[in-house]
Structure formats: C-alpha cells, structure tokens
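Presented below is the structure to which this report refers.
The values are calculated or read from the model by the stated rules, or taken from the named source; none is laboratory data. As the structure is a computational prediction, the values presented were derived from the model and not from experiment. Cβ atoms come from the backbone with ideal geometry, glycine included; neighbour counts cover every protein chain shown. The protein model used for the area step is the full one, side chains on, heavy atoms only, and it has no ligands, DNA or RNA in it. Shrake-Rupley method; radii C 1.70, N 1.55, O 1.52, S 1.80 Å.
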Amino acid sequence: MEIIRTIAEMQNISSELILQGKKIVCVPTMGYFHQGHISLMKKAREYGDIVITTLFVNPTQFAPNEDFNSYPRDYDGDSKMAQAAGVDYLFFPTVSEMYPTGYDCKIHIGGITSKFEGATRPTHFDGVATVVTKLFNITKPHFAIFGQKDYQQVLVIRKLVQDLNLDVKIIVAPILRENDGLAMSSRNTYLMADLRKKAGILFQALEDARMSIENGERKRKMINAILHKNLRSVPEIKIDYACSVDADTLEEPDEFRPGDRIVLLLAVFLGKTRLIDNATITIPSIFPSLGKDFKEGI
Ligand code: AMP
C-alpha cells in the first residue's frame, strides 16, 4: 500500500491507472478505523481493481462547537489496518493541502439536508458534499463505497451525484455492529464504561419498532412511540430525533402502506456523546400472520 499526501500525486496516479484500463473504487473516511470501515474497504475490492481509501478529518463538516479537535486519530494504526485490508492507496492529505489559503468554495444541497442531521447540524452536509466532490475529483473513482450507518449522508451523496452528473456509482454497505448491537463508530471511544453498557438500547429500540411493524403496526406515531419508550428507559439519554420516515424522501406520512420502504432514524446524546443509528424496513403485506410459508394460490 502506498500512502499519498498530495493532491497532484494522487491525481497523476489515478489518471495513469485509468489509462491502463483499471477500475478505481474509493472509500472516503475520517480514520480511526474499526471493522465497519474495514468492511467497506473489503467490499470495495468486489467492484474494481484498485482500492483507494481516503483518510481526512474534514474540518468543514464540523461546526465550531463540535468535536473536530478531539475527534480520535491514529494514523499509524489506520495505515496498518488499511494495508491488512488490501487497500492499494491511502490518500492522507493535510488540511492545508485540501483547503489552501484563499480557498473559497462550497457545495450546498437543498431539500433533504434541512431535516434530522441537517436540522441539528446546519453546516454539516455542505461540508460533506464539498469534501466528497473534491475527493472524487482527486481520486477519480468509478465506484465509491459509503456506509448505511450515515443514512442521510448516503441520500445527500446520491443527490450530489445525480444533480451534478458526477460520473461515479455509489455503493451502500451494511452497518457493522458490536455484540450488543451498538453500531460501530469511531466516536464510541468517547463512551465511559458505564455508559457504554447502556448503549445497546439504540439497537433494542430499532428492533422493538421493527417487531411492531412485522406484527402489523402502520401508524408512524405509534412506531415512533416505541422508539422513544425504549430510549427513555436510559436516563442518561437525551433524544435528538427518533422517528420513522420514508426511506427515499424522508417524508413523514401519518400511516405507512404495504410495500413502503421506510427507515427508522435515531440520533441521541448518551452523556456527551452523540450517537446515530438506523434500520431500513419494507412494510410487509397485509397478511403477516400467514408467514413465510404462505404461497399464493394454495
Ligand atoms: P467515518 O470515518 O465515520 O466518516 O466513516 C467512513 C465511512 O464508514 C462512512 O461511509 C460511514 O458510513 C462508514 N461507517 C461508519 N461506521 C460504520 C459501521 N458501523 N458499519 C459500516 N460502515 C460504517
């Protein structure tokens, strides 16, 4: 694995690889790797010949009151893990390489960015859209892999690619979880042992809501109430949002219909640590009690 520190060198390498007919797959990250990141790098290998992982803690997607300075970093550990995962190039620029003096540009996506993560973190998705566009222009990928863990981010990136006609295919990888169901995250290291023990409640809330849907619940407010009830059982949790929404538009109808694709979205503070999680569900048909063995016509 080669570690590349400058934009010019990365662009030259990618141009050369494309001339050789290679397919490039990019995995954008902010580092402090866990198995969730590694699963994206391994998935990348299925889509092309060359895997480029980018490692950049992007200051423009953090608000001034957020954790840019304290965000966990372990560049040596990360490069060893990326190498072991079979990554070909680790693009690891400095902040001044990405945003030199005089830099003055950003990409803003409307609509879906105003809700949920975007409501709590109003500048976040501008920062994400801008840095991802830059990373695509630098690594020139045919495919890019993103985790479902950051659900709304995936919708934003898809919209970015669609609206700006970016010539890259977006692949979404599933959420990797710890044994108690907590979604893996670099920020989990902020959790002290006592709070860490309670963090499994996020997954429990998603599973309880999923079960209620499988048992026939269709009313959005009832589904949301199940999420809230679970989360409120931990006194140290402050709910930012916990809701069921249309998986594509993030709209909130009163009632879901069979065949609707929905997503349960959670964001909470557990102590001072902000955690997000989600689960996608297709609303089952109106005969749940007939079960899996039901065959039409018999
Ligand atoms: P980050 O370094 O947190 O910006 O994450 C980089 C990429 O890894 C993003 O596409 C995330 O959605 C993805 N990711 C983060 N956590 C997980 C996880 N637990 N499982 C799978 N992918 C993840």
Pairwise label distance in nanometres, residue 189 with residue 249, each label 7 Å out on the Cα-Cβ vector
4.2 nm
Going by Cα centres, region 132-173 and region 61-77 are how many Å apart?
22 Å
Which three extents, in whole angstrom, do the alpha-carbon atoms of region 113-196 cover along their principal axes, largest first?
47, 27, 19
Going from most exposed to least, what order do 257, 274, 210, 73 have by accessible area with a 1.4 Å probe?
257, 73, 210, 274
Solvent accessible area, Å² - residue 66, 1.4 Å probe, full protein context:
60 Å²
If you average over every viewing direction, what projected area does the convex hull of the Cα atoms of region 22-170 give, in nm²?
8.7 nm²
Hey, got the Cα dimensions of the chain along the principal axes, in Å, largest first?
58, 50, 37
So what is the accessible area of region 68-163 per residue, in Å², with the probe set to 1.4 Å?
44 Å²
Testing the spin-label approximation: label points 7 Å from Cα along Cα→Cβ at residue 137 and residue 66. State their distance in nm.
2.1 nm
Cα extents of region 154-298 along the three principal axes, largest first, in whole Å?
56, 43, 28
Considering only protein heavy atoms, with the full assembly of protein chains and a 1.4 angstrom probe, order 117, 251 by accessible area, largest first.
251, 117
May I have the pair-distance distribution P(r) for region 61-143, computed from all Cα-Cα distances with 5 Å bins from 0 and rounded to whole percent?
3, 11, 16, 20, 21, 17, 10, 3
Given the options 137, 69, 224, which has the most mean-square fluctuation in a GNM of the chain, springs set between C-alpha atoms less than 10 angstrom apart?
69
Using label points projected 7 Å from each Cα along Cα→Cβ, tell me how many nm separate residue 103 and residue 229, to one decimal.
4.8 nm
Any chance you could run the full-extension gain for residue 94 through residue 269? It's 0.36 nm times the residue separation minus the Cα-Cα distance, nm to one decimal.
60.0 nm
Going toward the positive end of the dipole of the chain, with +1 on Lys and Arg Cβ and -1 on Asp and Glu Cβ, which of 282, 223, 116 do you reach last?
223
By how many degrees, between 0 and 90 and to the nearest 10, does the Cα long axis of helix 7-19 differ from the longest principal axis of the chain?
80 degrees
Just to check I understand the Karplus step: with θ = phi - 60° and J = 6.51 cos²θ - 1.76 cosθ + 1.60, what whole-Hz values come out for region 110-120, glycine and proline as x?
x, x, 4, 7, 8, 9, 6, 4, x, 6, 6
Once R0 is set to 25 Å, what does the formula 1/(1 + (r/R0)^6) return for the Cβ-Cβ distance between residue 164 and residue 2, expressed as a FRET efficiency to the nearest 0.05?
0.30
Under a 1.4 Å probe, counting only protein heavy atoms, residue 140 has an accessible area in Å², nearest 10, of 70 Å²
Just to confirm the number: angle between the C-alpha axis of helix 35-47 and the first principal axis of the chain, 0 to 90 degrees, nearest 10?
70 degrees
Would you please give the FRET efficiency between residue 120 and residue 179, computed as 1/(1 + (r/R0)^6) with r the Cβ-Cβ distance and R0 = 22 Å, to the nearest 0.05?
0.15
Can you tell me the orientation of helix 151-163 relative to the chain, as the angle in degrees between its alpha-carbon axis and the longest Cα principal axis, to the nearest 10?
60 degrees
The chain - percent of accessible surface contributed by carbon and sulfur, probe 1.4 Å:
52 percent
Given region 196-274, report the % of alpha carbon pairs whose separation exceeds 16 Å.
47 percent
For the residue 75, residue 236 Cβ pair and Förster radius 51 Å, calculated FRET efficiency rounded to 0.05 is 0.95
